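What follows is a set of notes on a single structure, which appears directly below.
The values are calculated or read from the model by the stated rules, or taken from the named source; none is laboratory data. In this text, all values refer to a predicted model and were calculated from it rather than measured experimentally. Cβ sites come from the backbone with ideal geometry, for glycine too, and all protein chains shown count toward neighbours.
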Ligand code: HEC
Ligand code: HEC
Ligand code: HEC
């Protein structure tokens, strides 16, 4: 008994001396925290070990959804190019010497992503990594957006530089070659704010998870951008982009997209049949009396208020995705959003699919653009 007590006491003593020694070492300031010096091998091992264990433990209960959808990969690639590539680099790009001096250095993800499981990648992109400079996702509740980036990261190791550019930007315009233009605006046309990574110049989306902007009223586009900028509409993809736009840029972009040619949508990418579209039309025109769903067209039809969005020709996955988001209690922070929150909560999943199939099936070339199409500005001055 007494012996066991003594051993315990001695153990405590040793632990206390060790703790004091570590504290003294920190207090002495002898450890060099400068990023110009690499960590000691022991510190590096300890930090990496702790980081791997933490990610493994915290991601253990995550179940990934199916990710083999090109729409997810295109959206993820568009975000990666503006939001991640400045630190991690991208296929075919050169690394930034300033970023190379970060410690730890952001790894090239074509290689590093293979070291992590799908759920671990999700956890890292959503939560970021403390003490490394790796940021957390802006809109913490938007797991759907984080998964699009993970879908892209899973596809990245097999991507050549030209495939990457096709996914991330589509068919890019030629780079500026006018000295005065480059002196003012720089070489890169792939700044964070470059909309055509996701919404093409003609207002059509590059992924079925991105909304069509062509044919939307200027008032709606402008309000949406201001809500993203203020954070009252949550999106880890659109918030950082909108924050970087000033008032004049928001007005100019809204006018530009409002005047974009209102092309008929390409084939709806989810399989829908005539029955489904007919059921959706019933909901859109008559509502669902028993659950208190009003007819969608009261607010989304031809006589809608200018600041209400048009749904005609919007891709079904985008419509279903937004209804989903409202059901999860998001996008209800603004007064306009709150109106839809109530309506969405009354729709069943099947009804949401039906009504989305109906709106996606409408071609709207008859609704003329509200103004002549302004010519796209050459060089796309970077808005700051
Ligand atoms: C400000 C720079 C910065 C930005 C922006 C950034 N990261 Fe990171 N990222 C880092 C740093 C630094 C690390 C840590 C590297 C380490 O611990 O070895 C990291 C680590 C990671 C890792 C773990 C890789 C590994 O093996 O360590 C993944 C995955 C990752 N980032 C993905 C992303 C994605 C996706 C985005 C965009 C949504 C992004 N990062 C944006 C700096 C950045
Ligand atoms: C990385 C892809 C990406 C880029 C780049 C991008 N967007 Fe978006 N945009 C999206 C996605 C995804 C949404 C839907 C967000 C949500 O779920 O709320 C969206 C939504 C919007 C909306 C709301 C439309 C609606 O029907 O509610 C507007 C307006 C918009 N973007 C304008 C722009 C403008 C202007 C730019 C350039 C300054 C831009 N976007 C750049 C992906 C992008
Ligand atoms: C009482 C008016 C009203 C009715 C009825 C209504 N909505 Fe809405 N809806 C709105 C408003 C307002 C917004 C804009 C919300 C915002 O800006 O966040 C909106 C936005 C939407 C959006 C997002 C569009 C985009 O581009 O992001 C979808 C999808 C939508 N509604 C679907 C429906 C469906 C489906 C119905 C019928 C079941 C319906 N709405 C009925 C008022 C209404």
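Some observations on this one:
- Condition check for residue 310: in a loop (DSSP other than H, G, I, E, B), surrounded by fewer than 19 Cβ atoms within 10 Å (Cβ to Cβ) and within 14 Å of ligand 2 (Cβ to nearest atom): no
- Condition met for residue 94 (more than 25 Å from the chain's Cα centre (by Cα) and farther than 16 Å from residue 146 by Cβ): no
- Hey, residue 74 touching a strand residue (DSSP E or B) at 6+ places or on another chain (Cβ under 8 Å) and surrounded by 15 or more Cβ atoms within 10 Å (Cβ to Cβ) or not: no
- Summed over segment 71-107, the residues that are more than 14 Å from ligand 2 (Cβ to nearest atom) and assigned to a helix (DSSP H, G or I) give a count of 5.
- Whenever a residue of segment 126-147 is within 19 Å of residue 49 (Cβ to Cβ), it has no partner that is within 16 Å of ligand 3 (Cβ to nearest atom) and in a loop (DSSP other than H, G, I, E, B) lying with C-beta atoms less than 6 angstrom away and at least six residues away or across chains.
- Hey, residue 38 in contact with a strand residue (DSSP E or B) (Cβ under 8 Å, 6 or more places away or on another chain), assigned to a loop (DSSP other than H, G, I, E, B) and under 16 Å from residue 132 (Cβ atoms) or not: no
- Flag not set for residue 314, criterion: within 19 Å of residue 228 (Cα to Cα) and within 21 Å of the chain's Cα centre (by Cα).
- One residue from 114, 61, 54 being out of contact with any strand residue (DSSP E or B) (no Cβ under 7 Å at 6 or more places or on another chain), outside any helix (DSSP H, G or I) and not assigned by TED's automatic domain parsing to the domain that holds residue 210: 61
- Residue match in segment 238-261 (condition: near ligand 2 (Cβ under 9 Å from one of its atoms), touching a residue at least 12 places away in the same chain (Cβ under 8 Å) and not in a helix (DSSP H, G or I)): yes
- Matching residues, segment 274-301, being closer than 28 Å to residue 232 by Cβ and outside any helix (DSSP H, G or I): 287, 292, 293, 294, 295, 296, 301
- Evaluation of residue 249 against (1) surrounded by fewer than 22 Cβ atoms within 10 Å (Cβ to Cβ); (2) within 13 Å of ligand 3 (Cβ to nearest atom) (one fails), failing number: (2)
- For first residues located in segment 24-52 and exposed (fewer than 10 other Cβ atoms within 10 Å of the Cβ), partners that are at pLDDT 90 or above and lie 6+ apart or on another chain with Cβ distances below 8 Å form the pairs 36/101.
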